[in-house]
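For reference, the structure discussed in these notes is given below.
The values are calculated or read from the model by the stated rules, or taken from the named source; none is laboratory data. Being a predicted model, the structure only gives us computed values, none of them experimental. Here the Cβ is made from the backbone with ideal geometry for all residues, glycine too, and neighbour counts use every protein chain on show. Surface accessibility is based on the protein's heavy atoms, side chains included, excluding ligands, DNA and RNA. Shrake-Rupley method; radii C 1.70, N 1.55, O 1.52, S 1.80 Å.
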Amino acid sequence: MIRNGTTEPRGRAGGAVPRARRGLRAALSAATTALLTAGALAALPQGAAHAADTLGDAAAEKGRYFGAAVAANHLGEAQYAATLNREFSSVTPENEMKWDALEPSRGSFSFSRADQIVGHAKGQGMSVRGHTLVWHSQLPGWVSQLGASDLRTAMNNHITQVMTHYKGEIHSWDVVNEAFQDGGSGARRSSPFQDKLGDGFIEEAFRTARAADSNAKLCYNDYNTDGVNAKSNAVYTMVRDFKARGVPIDCVGFQSHFNPNSPVPSDYQANLQRFADLGVDVQITELDIEGSGQAQAADYGNVVRACLAVSRCTGITVWGIPDKYSWRSSGTPLLFDDNYNKKPAYDAVLSALGGTPGDPGDPGDPGDPGDPNAACSAAYTTSEQWNGGYNGRVTITAGSAPIAGWTVTLTLGSSQQVVSVWNGSPSYNGNVMTVRSTWNGSLAAGASTSFGFTVNGSSSSPPQIGACTAS
């Protein structure tokens, strides 16, 4: 039987940042979060200015966070976790905090997947954005079936229960998401909340949220509001009214999904500024830009510079890490390609933040998952899963030079037992399985192979994948 691994945040072999950087990350993140909570930007502690070789560290030196949307089911993939831990200072659960995930049946809450992301972030000194409390989409069917009175009760209870569960752990909440229509009307979107509770549901949601957590930033979040248009004007009018009447709203989120047919608007910075002038923070919450090469890089750089030019733009979140996991992967909209290589857009963002492009942070570490110059790297996926077990697959990729053999370690949970391994030779030491190459050890530069294994046990949680060691 496999025993439980340590709960101490793992070193680079387990996909985490080195201890020294993790300590710096925590200090920078704590300082930035404190500034967010206080609602003002100020100088960060002296001595932080030298650490500008990653997105999160460079943004923190500017008094901002740089985050990514994270999916819990990818955290067991070594390159995914390593890139997240190295580069970002904030996380947003991609789907795990939406209503259907947290309250699938009325009054019955399931926090385990969201807790996994929050726990990972805390272990790495990252802050967390909460997304999202009230939204017309990804609602469980029971919500839409409620009458007005029950719906109001359910909405307020959902907000209260979720925010209370995460009280003190979330720096900003998307309290209400996408409540306005597209097009030129500026009208509210039809939804169970709008149709049954009327225009007042947004205000009520924000007042309920403030009562649940007096310290978290409360945000309204939407898309196609990045420039001045009918939709953004409608949101602007609502926020101005809320501020005038003392409705507790602290920030406005601009999703910022761009492509060649919907490019970064020329008035993007001016639009951010006019909202900030109302006395709210502005956050870029779901940034992705379809394209490639220098054109995509230029757009990313312009977005970052627009945020830096607005003193109340407190942070940027990109909606995913590698292109292959993007919700619109065919448009290659993110900062890392499918193999976690940094794209020109990454360099443009780091440069705009004042960092130094081209510095991988810890050059020459042969076990760094995600470093294309490493001797080899290992990436994990669950290929099949059932009640009481799963099949896992680990893909080995050679770095910039050929290799003659490879070794990978995996740490499994206490209730898990490996019953078979193929395309690799295993050995065991407690909860750690070490797999060495057999016939598939010789790989050309950049070439890949894989091995697989079957696990039985009461838990189907994925293993922690260590570094790949080449021979």
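With all protein chains present, how much of the accessible area of the chain (probe radius 1.4 Å) comes from carbon and sulfur, to the nearest whole percent?
Within the chain, the accessible surface is 49 percent carbon and sulfur.
How many percent of DSSP beta bridges within the stretch 255-348 run antiparallel, rounded to 5? Show your work: numbers first, answer last.
Details: 2 of 9 bridges.
Antiparallel: roughly 20 percent of the beta bridges in the stretch 255-348.
Using helices alone, what [θ] at 222 nm do you get for the chain, with -39,500 (n - 2.57) per DSSP H run of 4 or more residues, divided over all residues and rounded to the nearest 500?
One gets -9500 deg cm²/dmol as the mean residue ellipticity at 222 nm.
Restricting to bridges with both residues inside the chain, how much of the DSSP beta-bridge set is antiparallel, in percent to the nearest 5?
55 percent
Mind checking the angle between helix 293-309 and the chain's longest principal axis? C-alpha axes, 0 to 90 degrees, to the nearest 10.
The angle comes out at about 50 degrees.
Report the local net charge at Arg189: Lys and Arg +1, Asp and Glu -1, summed over other residues whose C-beta lies under 12 Å from its C-beta.
Details: positive: Arg188, Lys231; negative: Glu178, Asp182, Asp195, Asp199, Asp222.
Neighbour charge sum, excluding Arg189 itself: -3.
Through the Karplus equation 6.51 cos²θ - 1.76 cosθ + 1.60, θ set to phi - 60°, convert the phi angles of the stretch 104-111 into ³J(HN,Hα) values in whole Hz; use x for Gly and Pro.
Going residue by residue, I get x, 10, 4, x, 10, 9, 10, 9 Hz, with x marking Gly and Pro.
Hey, can you rank 161-170, 128-137, 335-344 by average C-beta count inside 10 Å, highest first?
Descending mean neighbour count gives 128-137, 335-344, 161-170.
Using the alpha-carbon centroid of each, what span in Å lies between the stretch 445-471 and the stretch 184-227?
44 Å
Near the amide H of Gly389, under 5 Å away, which other amide H atoms are found, from residues 5 or more places off or on another chain, if H is placed in the peptide plane?
Sorted by chain and number, the residues that satisfy this are Gly457.
Can you tell me the 0 to 90 degree angle between the C-alpha axis of helix 112-123 and the longest principal axis of the chain, rounded to 10?
So the helix axis and the longest Cα principal axis differ by about 80 degrees.
What residues qualify as long-range amide H neighbours of Gly466, i.e. H under 5 Å apart, gap of 5 or more or another chain, H built at 1.01 Å from N?
Distant-sequence amide H within range of Gly466: Thr409, Leu410, Thr411.
With a sphere of radius 10 Å drawn around the Cβ of Phe451, what net charge do the other residues whose Cβ falls strictly inside it have (Lys, Arg +1; Asp, Glu -1)?
On the way: positive: Arg393, Arg436; negative: none.
Neighbourhood net charge equals +2.
I'd like to check one number: the per residue accessible area of the chain, probe 1.4 Å, reported in Å² as a whole number.
On the way: 17460 Å² over 471 residues.
Value for the chain: 37 Å² per residue.
Kindly identify the stretch 57-196 as rounded, prolate or oblate by the Cα gyration tensor criterion: order the square roots of the eigenvalues as a ≥ b ≥ c, call it rounded if a/c is under 1.5, otherwise compare a/b with b/c, prolate if a/b is larger, else oblate.
Prolate.
Students often get this wrong, so try it: which of (1) -0.27, -1.06; (2) -0.26, -1.18; (3) -0.19, -1.06 is log10 I(q)/I(0) by the Debye sum over Cα atoms at q = 0.05, 0.12 Å⁻¹ as calculated from the structure shown?
From the options (1) -0.27, -1.06; (2) -0.26, -1.18; (3) -0.19, -1.06, the structure gives (3).
Could you state the number of Å between the C-alpha centres of the stretch 76-115 and the stretch 280-328?
Taking the Cα centre of each part, the stretch 280-328 and the stretch 76-115 sit 20 Å apart.
Which shape class, rounded, prolate or oblate, goes with the stretch 112-271 when its Cα gyration tensor gives a ≥ b ≥ c as root eigenvalues, a/c under 1.5 marks rounded, and past that a/b bigger than b/c marks prolate?
Note, shape of the stretch 112-271 comes out oblate.
What do you get for the angle between helix 230-245 and the principal long axis of the chain? Use alpha-carbon atoms, 0 to 90 degrees, nearest ten.
Taking the Cα atoms of the chain, the angle to 230-245 is about 70 degrees.
Give a residue-ordered list of calculated ³J(HN,Hα) values for the stretch 425-430 (Karplus: 6.51 cos²θ - 1.76 cosθ + 1.60, θ = phi - 60°; whole Hz; x for Gly, Pro).
Calculated HN-Hα couplings, in order: 10, x, 9, 10, 9, x Hz.
Which of the lysines could a cross-linker bridge to Lys343, judged by Cα under 21 Å and excluding same-chain residues fewer than eight apart?
Straight-distance partners of Lys343: Lys324.
When the Karplus curve 6.51 cos²θ - 1.76 cosθ + 1.60 is applied with θ = phi - 60°, which whole-Hz ³J(HN,Hα) does each residue of the stretch 181-195 get, with x for Gly and Pro?
Along the stretch 181-195, the couplings run 6, 6, x, x, 7, x, 7, 6, 7, 5, 7, x, 6, 5, 5 Hz.
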